[in-house]
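Enquirer: Starting off with a structure, shown below.
The values are calculated or read from the model by the stated rules, or taken from the named source; none is laboratory data. The structure presented is a predicted model; accordingly, all values stated were derived computationally and were not measured. Every residue, glycine among them, receives a Cβ derived from its backbone with ideal geometry; neighbour counts consider all protein chains shown. Each accessible area value is taken on the protein alone, full model and side chains, heavy atoms only, with ligands, DNA and RNA left out. Shrake-Rupley method; radii C 1.70, N 1.55, O 1.52, S 1.80 Å.
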Amino acid sequence: MTEKRRDNISWDEYFMGVAELSARRSKDPNTQVGACIVSENNKILSMGYNGFPIGCSDDEFPWAREGDSEYEKKYLYVVHSELNAILNFRGGSLDGSKIYVTLFPCNECCKAIIQAGIRTVIFGDDKYAGTDAVRAGKRMFDAAGVRYYRYSPTGRVIDIHL
């Protein structure tokens, strides 16, 4: 009798991998973030990455982090990966779902996650952990009962030939 394969990837590895792959769609020269929303029974519901809204040309809007005014920086224009994933969802409700995201969400995305009914956030990097925006996001998650935890990489190398 042939034994089943036992070196398959875990659900967390799989969905964080989808989020990482989604991040590679971003044209942001500095920060690429991806998100993957998953149902309670591990079905992919939606994905997103950080970029400009539909109809706003990647060649005409600013990608700069620095500038003389906010108008000349990317921050007023870019839709974050989490919000894109929420807005890309075309099914019914996201209540009880999970979101895998490569970077801990900002406070604005935390609000959208809570309002959408997402109950668990699995994040990769937490490089802005000490900022007021992330602290506020975690405070809101705690108050709203949204569970969040950092993804623990296994160290496994998964090679995808494209």
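Enquirer: Only residues in segment 120-132 that are under 23 Å from E40 (Cα atoms) count as the first member; pair them with residues that are surrounded by 19 or more Cβ atoms within 10 Å (Cβ to Cβ) and among the polar types (S, T, N, Q), Cβ under 6 angstrom, at least 6 apart or cross-chain, and list the lot.
Expert: Listed by first residue and then by second, the contacts come to G124/T102.
Enquirer: Then there's this: Would you point out the residue of segment 33-62, among those that are among the small types (G, A, S) and under 11 Å from the mean Cα position of the chain (by Cα), that is surrounded by the most Cβ atoms within 10 Å (Cβ to Cβ)?
Expert: The qualifying residue surrounded by the most Cβ atoms within 10 Å (Cβ to Cβ) is A35.
Enquirer: Which one is surrounded by the most Cβ atoms within 10 Å (Cβ to Cβ), of the residues in segment 113-162 that are among the hydrophobic types (A, V, I, L, M, F, W, C), within 20 Å of S10 (Cα to Cα) and at pLDDT below 95?
Expert: Restricting to residues being among the hydrophobic types (A, V, I, L, M, F, W, C), within 20 Å of S10 (Cα to Cα) and at pLDDT below 95, the top hit is I158.
Enquirer: Looking at segment 133-151 only, could you name the residues that are of a type in the set (S, T, Y) and either free of Cβ contacts under 8 Å to residues at least 60 places away in the same chain or closer than 11 Å to I99 by Cα (or both)?
Expert: Result: Y148, Y149.
Enquirer: What are the residues in segment 1-51 that are small (G, A, S) and under 26 Å from Y77 (Cα atoms), if any?
Expert: A19, S22, A23, S26, G34, A35, S46, G48, G51 - these are the residues of segment 1-51 that are small (G, A, S) and under 26 Å from Y77 (Cα atoms).
Enquirer: Could you give me the residue pairs with C-beta distances under 7 Å whose first residue belongs to segment 1-25 and is among the charged types (D, E, K, R), whose second residue is buried (at least 17 other Cβ atoms within 10 Å of the Cβ) and part of a loop (DSSP other than H, G, I, E, B) wherever it lies, and which are 6+ apart or on separate chains?
Expert: D12/Y151; R24/Q32
Enquirer: Let me ask something else about it. Among what's in segment 63-87 and is in a loop (DSSP other than H, G, I, E, B) and within 16 Å of the chain's Cα centre (by Cα), pick the residue that is nearest to E108 (Cα to Cα).
Expert: H80
Enquirer: Looking for something closer than 18 Å to C106 by Cβ, open to solvent by less than 40 Å² (accessible area, probe 1.4 Å) and of a type in the set (F, W, Y) - is there at least one such residue anywhere in segment 5-19?
Expert: Among the residues of segment 5-19, not one is closer than 18 Å to C106 by Cβ, open to solvent by less than 40 Å² (accessible area, probe 1.4 Å) and of a type in the set (F, W, Y), which makes the answer no.
Enquirer: How many residues does segment 120-148 hold that are charged (D, E, K, R) and more than 22 Å from Y49 (Cβ to Cβ)? So that I can check it myself, show each step before the final result.
Expert: Filtering segment 120-148 for residues charged (D, E, K, R) gives 125-127, 132, 135, 138-139, 142, 147.
Now drop any that are not more than 22 Å from Y49 (Cβ to Cβ), which leaves 132, 135, 138-139, 142, 147.
So the count comes out to 6.
Enquirer: So, one more: Out of T31, T102, which single residue is touching a strand residue (DSSP E or B) at 6+ places or on another chain (Cβ under 9 Å) and either outside any strand (DSSP E or B) or farther than 15 Å from T120 by Cα (or both)? Break it down stepwise before answering.
Expert: Working: T102 fails: either outside any strand (DSSP E or B) or farther than 15 Å from T120 by Cα (or both).
Sole residue among the options that is touching a strand residue (DSSP E or B) at 6+ places or on another chain (Cβ under 9 Å) and either outside any strand (DSSP E or B) or farther than 15 Å from T120 by Cα (or both): T31.
Enquirer: Of all residues in segment 123-162 being within 19 Å of the chain's Cα centre (by Cα) and among the basic types (K, R), which is nearest to T31 (Cα to Cα)?
Expert: K127
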